[in-house]
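Trainee: Take a look at the following structure, please.
The values are calculated or read from the model by the stated rules, or taken from the named source; none is laboratory data. Everything quoted here is computed from the prediction, not taken from an experiment. Please note: Cβ atoms are built from the backbone with ideal geometry, for glycine as well, and neighbour counts cover all protein chains shown. Ligands, DNA and RNA are excluded from the accessible area calculation, which covers all protein heavy atoms including side chains. Shrake-Rupley method; radii C 1.70, N 1.55, O 1.52, S 1.80 Å.
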There are 2 protein chains.
Amino acid sequence: MDDLKKKSLSNHEKFKGKFATHSKIKINSIDDLSWAYSPGVSAPCEAIAKDCSLAYRYTSKGNTVGVITDGSAVLGMGNIGPDAALPVMEGKAILFKELAGVDAIPLCIDEKNTDAFIETCIRLAPSFGGINLEDIAAPKCFEIERRLIEALDIPVFHDDQHGTAIVTAAAMINGARYLKRDLSSLDVLLIGTGAAGNAIAKMLNHLGVHAIQAFNIDGPIHPQNTKMDSATRSLLDEEILRPASTIDDTLKTLIRNKDVVIGVSTGDLLDANMIRSMRPNPMVFALANPTPEINPEIAKEAGAAIVGTGRSDYPNQINNVLAFPGFFRGLLDNRVHLVTEDMKLIAAKAIAATIDDDALDAEYILPSPLDKRVVPSISRAISDHIKTSR
Amino acid sequence: MDDLKKKSLSNHEKFKGKFATHSKIKINSIDDLSWAYSPGVSAPCEAIAKDCSLAYRYTSKGNTVGVITDGSAVLGMGNIGPDAALPVMEGKAILFKELAGVDAIPLCIDEKNTDAFIETCIRLAPSFGGINLEDIAAPKCFEIERRLIEALDIPVFHDDQHGTAIVTAAAMINGARYLKRDLSSLDVLLIGTGAAGNAIAKMLNHLGVHAIQAFNIDGPIHPQNTKMDSATRSLLDEEILRPASTIDDTLKTLIRNKDVVIGVSTGDLLDANMIRSMRPNPMVFALANPTPEINPEIAKEAGAAIVGTGRSDYPNQINNVLAFPGFFRGLLDNRVHLVTEDMKLIAAKAIAATIDDDALDAEYILPSPLDKRVVPSISRAISDHIKTSR
């Protein structure tokens with residue numbers, strides 16, 4: 001076991017997990033008990049019974065997010081189940097709190113059936129001002145999110161899709177800015193069309209990137225590829241993806257003459273020759289974790305102008321934690337009922353905008369996840385957007 | 001609106017609810033992010049995937065309790081629904097934390113169907129070391145609790161039943177102790193056979209009180225009473241309750257010559273003459289909230305030796321908050337899988353034992369809910385019980 005894993009285990013054991021609750025008030029007297037609990041608590045209950053929107057005034061609902069998983073696609077570990085997913089959900093919950101002051105509740109749901117999982121989330125909604133879906137396998141994550149959005153009047157956000165897409169888009173924006181390239185001129189290859197790949201394709205399309213071809217474990221994304229799931233097929237049908245030239249395309253033929261390659265797939269898929277076959281000064285975003293699609297040093301040596309990975313030990317870390325805390329801060333502050341594509345794009349631009357022209361560099365296209373400017377930048381941008389669109 | 005309600009509303013608004021989350025660790029560096037979240041968090045995930053009991057070692061599960069309601073019987077307000085129940089669940093959650101260091105999560109489930117509610121709780125179980133059911137209407141609360149106990153290997157405790165029963169039993173123990181009466185010699189009338197009444201009858205029976213008659217909104221508990229629900233009928237069948245003498249008995253005829261009357265029903269049901277018809281020096285526990293079955297002063301004047309109510313503005317407050325924090329502290333500390341009748345009785349005795357002989361008084365048969373001795377007294381008693389029974 002490597003040192004990081006050892007440290008993680010011993011710290012998790014030392015603290016007995018990372019998540020705790022907290023009371024906003026002290027209970028020092030019978031008087032405190034009387035207003036906060038019985039009998040005085042009946043006053044806010046009666047008020048909410050008459051007008052359920054008053055839960056936002058009298059309870060913590062408006063600052064509380066359910067971090068909900070079924071444990072079917074946990075980090076790179078796959079379907080390890082709800083019990084084993086708890087450390088990740090606790091981690092997410094404490095990052096929400098520490099970075100953005102959001103009260104997030106880790107909930108691991110022991111239910112793999114899509115309908116039953118959706119029902120469960122709907123039943124849980126009264127306690128929450130928003131739902132962050134997490135680590136749910138594709139393609140069911142698409143249906144779960146869509147149906148929850150339809151059913152609920154609180155924001156629902158599948159972070160593995162949109163968190164990744166927002167941060168990848170921010171990286172693309174600043175990469176193009178550094179290279180003085182027009183986003184709409186870029187030819188992109190996307191490797192992987194699961195939860196993250198799907199959302200990245202949609203987000204880049206919304207950002208004005210229209211020349212995107214894709215490849216997944218079953219081959220090139222092409223109308224004749226019979227193994228495509230319906231979510232990926234929709235990307236073709238809606239012209240968000242351009243079809244590969246032929247059904248016989250390979251990773252090697254597809255990457256040729258691209259300006260950008262984005263990998264959300266699996267480690268060590270690309271080699272130096274493939275990078276050399278791209279257009280000059282390409283961008284390489286190799287997000288597979290913990291092993292990227294290509295070692296960043298090899299990509300650099302092969303001519304990549306900008307390299308980003310999911311890892312904290314290389315420059316340009318493309319990590320969801322740059323997006324979800326500030327994004328939910330903005331949603332909750334404005335009591336947003338529905339997340340729109342515009343809001344996600346605004347968040348990507350707000351992340352990108354935290355880096356000044358002077359600071360922007362091939363090795364610094366994204367701020368640190370601990371940069372204190374990120375959360376307010378995103379939440380303020382969402383607030384401004386809400387105000388102007390109202 | 002009275003002053004307490006006004007204060008409650010303004011404080012709930014000022015604090016925006018009472019519940020918050022808390023991170024046990026600070027995220028000050030990329031290194032912290034690496035072990036607590038990605039990629040280091042995979043180590044405890046993998047460990048738990050191999051042995052799910054390790055969730056107690058590496059996560060907060062073992063100190064976390066779900067405080068779960070459907071909002072069908074909230075305090076005295078009845079079926080006000082899940083949204084309006086949230087202030088009570090938050091109140092409960094912060095009392096768990098402030099009094100016993102338990103991390104409790106307020107969850108208001110939007111589902112009135114019994115089967116579906118049970119399913120939902122089962123699906124939620126991986127995140128919790130215990131479940132506190134709250135404010136669920138009788139008789140469905142009995143089936144919900146029973147089936148959850150059967151389905152889950154974490155403790156499940158419906159506080160409106162057993163919390164009330166534990167504290168009422170503690171009051172009976174100390175009342176009899178003060179009056180130097182043998183518990184088994186007492187004739188008891190129980191008014192109300194809902195969630196609390198049912199559990200009180202079972203608990204007193206377990207405590208050795210066998211002469212209990214009961215009365216509810218449909219009349220005397222008697223085999224010929226056709227309106228009894230099945231839970232109440234079971235109390236007769238199992239000889240936990242003794243039948244009323246005749247089906248024509250009234251409150252007035254039933255209370256005559258009783259040593260104890262326990263009301264968990266509705267306000268202003270009893271009068272001074274009824275108290276005078278009891279045996280000398282009776283105990284009167286009038287727990288209806290906010291208006292007791294009889295005004296404590298009237299009961300005293302009519303000869304009651306000991307009077308207890310649910311209210312904080314009279315002596316001898318019989319309040320669940322005396323039981324649930326310490327009880328769950330004990331359950332969690334010992335990783336109890338199943339709550340037994342013995343454990344509840346032990347908790348009642350532990351509460352009673354916090355009052356020394358010297359301090360025991362007609363107006364001081366129960367400690368204050370804020371008495372710091374209560375939680376450790378209960379949890380230690382449960383620990384001792386577990387150790388000796390292992």
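Trainee: Treating the Cα atoms of chain A as identical point scatterers in vacuum, please give the log10 of the normalised Debye intensity I(q)/I(0) at q = 0.09, 0.11, 0.12 Å⁻¹, two decimals.
Mentor: Here log10 of I(q) over I(0) equals -0.55, -0.81, -0.95.
Trainee: Can you list the equivalent-ellipsoid semi-axes of the range B:155-271, largest first and in whole Å, using the square root of 5 times each Cα gyration tensor eigenvalue?
Mentor: With the √(5λ) rule applied to the range B:155-271, the semi-axes are 20, 18, 13 Å.
Trainee: Same structure, new question: For A:Cys141, what is the net charge nearby, where nearby means another residue's Cβ is under 13 Å from its Cβ and Lys, Arg count +1, Asp, Glu -1? Let's see the in-between values first.
Mentor: On the way: positive: A:Lys112, A:Lys140, A:Arg146, A:Arg147; negative: A:Asp70, A:Glu134, A:Asp135, A:Glu143, A:Glu145, A:Asp159, A:Asp160, A:Asp229.
Residues close to A:Cys141 contribute a combined charge of -4.
Trainee: Then there's this: If the only charges are +1 at each Lys and Arg Cβ and -1 at each Asp and Glu Cβ, what is the size of the charge dipole of the protein assembly as shown around the Cα centre, to the nearest 20 debye? Intermediate results must be reported in sequence, preceding the final value.
Mentor: On the way: 82 positive and 100 negative charges, 220 e Å.
Roughly 1060 debye, rounded to the nearest 20.
Trainee: Looking at the range A:1-98, which trypsin sites (Lys or Arg not before Pro) are DSSP coil and have at most 12 other C-beta atoms within 10 Å of their C-beta?
Mentor: A:Lys26
Trainee: While we're on this one: Quick one: with label points 7 Å out along Cα→Cβ, list the inter-copy distances for B:Asp3 in nm, shortest first?
Mentor: B:Asp3 label point versus its equivalents elsewhere: 6.4 nm.
Trainee: I would also like to ask the following. Per-residue Cβ counts within 10 Å, from other chains only, averaged over B:50-62: what number is that?
Mentor: Per-residue shielding by partner chains comes out at 6.
Trainee: How many angstrom lie between the Cα centre of the range A:259-330 and the Cα centre of the range B:320-390?
Mentor: 58 Å
Trainee: Related question: Shielding by partners for B:95-104, please: the mean number of other protein chain Cβ atoms within 10 Å of each residue's Cβ.
Mentor: 3
Trainee: Percentage of Cα-Cα pair distances in the range A:1-128 greater than 20 Å, rounded to whole percent? Mind showing how you got there, number by number?
Mentor: Values: 4892 of 8128 pairs.
Counting every Cα pair in the range A:1-128, those more than 20 Å apart make up 60 percent.
Trainee: May I ask you to work out the translational diffusion coefficient for the protein assembly as shown at 20 °C, viscosity 1.002 mPa s, via Stokes-Einstein with Rh from the Kirkwood sum over Cα pairs, reported in whole µm²/s?
Mentor: 76 µm²/s
Trainee: Which residue, chosen from B:Leu251, B:Ala231, B:Pro282, occupies the Cα position most advanced towards the positive end of the dipole of the range B:202-295, where the dipole is computed from +1 (Lys, Arg) and -1 (Asp, Glu) charges on Cβ about the Cα centre?
Mentor: Sorting the options by dipole projection puts first B:Pro282.
Trainee: Semi-axes of the equivalent ellipsoid for the range B:113-203, please: Cα gyration tensor eigenvalues, times 5, square-rooted, ordered largest first, whole Å.
Mentor: 31, 14, 9
Trainee: Separate question: Provide the per residue accessible area, probe 1.4 Å, for the range A:249-390, rounded to a whole number of square angstrom.
Mentor: 42 Å²
Trainee: How many Cβ atoms of partner chains, on average, are near each residue of A:369-377 if near means within 10 Å of its Cβ?
Mentor: Other-chain Cβ atoms within 10 Å of each residue's Cβ, averaged: 1.
Trainee: How much of the DSSP beta bridge set in the range A:32-144 is antiparallel, as a percent to the nearest 5? Intermediate values should be presented prior to the final figure.
Mentor: Numbers: 1 of 11 bridges.
For the range A:32-144, the DSSP antiparallel bridge percentage is about 10.
Trainee: Given contacts defined as C-alpha pairs under 8 Å and at least six residues apart, what's the relative contact order of the range B:322-390, whole-number percent?
Mentor: Answer for the range B:322-390 is 53 percent.
Trainee: Moving on to the next point. Could you work out the local net charge near A:Ser72, counting Lys and Arg as +1, Asp and Glu as -1, over the other residues with Cβ closer than 12 Å to its Cβ?
Mentor: -4
Trainee: Filter A:Lys227/B:Lys50; B:Lys7/B:Lys61; A:Lys61/B:Lys92; B:Lys18/B:Lys349; B:Lys16/B:Lys112; A:Lys50/A:Lys92 down to the pairs with a C-alpha to C-alpha distance above 24 Å, please.
Mentor: The answer is A:Lys227/B:Lys50; B:Lys7/B:Lys61; B:Lys18/B:Lys349; B:Lys16/B:Lys112; A:Lys50/A:Lys92.
Trainee: Oh, and also: So what are the radius of gyration and Dmax for the Cα set of the range A:279-344, in Å?
Mentor: Cα-based Rg and Dmax for the range A:279-344 come out at 16.0, 48 Å.
Trainee: Test of the criteria: in the range A:182-237, which trypsin sites (Lys or Arg not before Pro) are in a DSSP loop and have at most 13 other Cβ atoms within 10 angstrom of their Cβ?
Mentor: Numbers: sites: A:Lys202, A:Lys227, A:Arg233; in loops: A:Lys227.
Here the trypsin sites (Lys or Arg not before Pro) that fit, given the DSSP loop and packing criteria, are A:Lys227.
Trainee: Report the antiparallel proportion of the DSSP beta bridges in the protein assembly as shown as a percent, rounded to a multiple of 5.
Mentor: Here the antiparallel bridges make up roughly 15 percent for the protein assembly as shown.
Trainee: Let me ask something additional. Counting only Cα, what are the radius of gyration and maximum Cα-Cα distance Dmax of the range A:66-151, in Å?
Mentor: Every Cα atom of the range A:66-151 included, Rg and Dmax give 12.2, 33 Å.
Trainee: Round to a whole angstrom and tell me the spacing of the C-alpha centers of the range A:43-79 and the range A:183-219.
Mentor: Going from one Cα centre to the other spans 33 Å.
Trainee: Another question, if that's okay. May I ask you to derive the relative contact order of the range A:53-151, considering only C-alpha pairs under 8 Å and at least 6 residues apart, and to give it as an integer percent?
Mentor: 37 percent
Trainee: To continue, here is another question. Mind grabbing the interface size between A and B? I mean buried accessible area, both sides, 1.4 Å probe, in Å² to the nearest hundred.
Mentor: Protein heavy atoms only, the A-B interface buries about 8700 Å².
Trainee: Quickly estimate the mean residue ellipticity at 222 nm for the protein assembly as shown, helices only: each DSSP H run with n ≥ 4 gives -39500 (n - 2.57), and the total goes over all residues, rounded to 500.
Mentor: Only helices count here, giving -13000 deg cm²/dmol.
Trainee: Looking at the range B:101-163, which trypsin sites (Lys or Arg not before Pro) are DSSP coil and have at most 16 other C-beta atoms within 10 Å of their C-beta?
Mentor: Passing sites in the range B:101-163 are B:Lys112.
Trainee: If you take every DSSP beta bridge whose two residues both sit in chain B, what share of them, in percent to the nearest 5, is antiparallel?
Mentor: Details: 4 of 35 bridges.
Here the share of antiparallel DSSP bridges comes out near 10 percent.
Trainee: Additional query: Output the direction-averaged projected area (hull surface divided by four) of the convex hull of the alpha-carbon atoms of the range B:296-390, in nm².
Mentor: With the hull built on Cα positions only, its mean projection is 6.9 nm².
Trainee: Highest first, please rank the peptides A:350-362, A:280-292 by the mean number of other Cβ atoms sitting within 10 Å of their residues.
Mentor: On the way: A:350-362: 16.1, A:280-292: 22.4.
Sorting A:350-362, A:280-292 by mean packing, highest first, produces A:280-292, A:350-362.
Trainee: Another question, then. What Kirkwood radius, in Å to one decimal, follows from the Cα pairs of the range A:240-355? Walk me through the numbers before you get to the answer.
Mentor: Values: mean 1/r = 0.0626 Å⁻¹.
Here the Kirkwood hydrodynamic radius works out to 16.0 Å.
Trainee: Same structure again: Please list B:Leu269, A:Leu345 in order of solvent-accessible area, largest first, computed with a 1.4 Å probe with all protein chains present.
Mentor: B:Leu269, A:Leu345
Trainee: Where Lys and Arg each count +1 and Asp and Glu each count -1, what net charge lies around B:Pro369 among other residues with Cβ under 15 Å from its Cβ?
Mentor: Its environment carries a net charge of +1.
Trainee: Please report the relative contact order for chain B, taking Cα pairs under 8 Å with a sequence separation of at least 6, and give it as a percent rounded to a whole number.
Mentor: So the answer I get is 14 percent.
Trainee: Let me ask something else about it. If you line up the long axis of helix A:341-353 against the longest principal axis of chain A, both from Cα atoms, how many degrees apart are they, to the nearest 10?
Mentor: Relative to chain A, helix A:341-353 is tipped by roughly 80 degrees.
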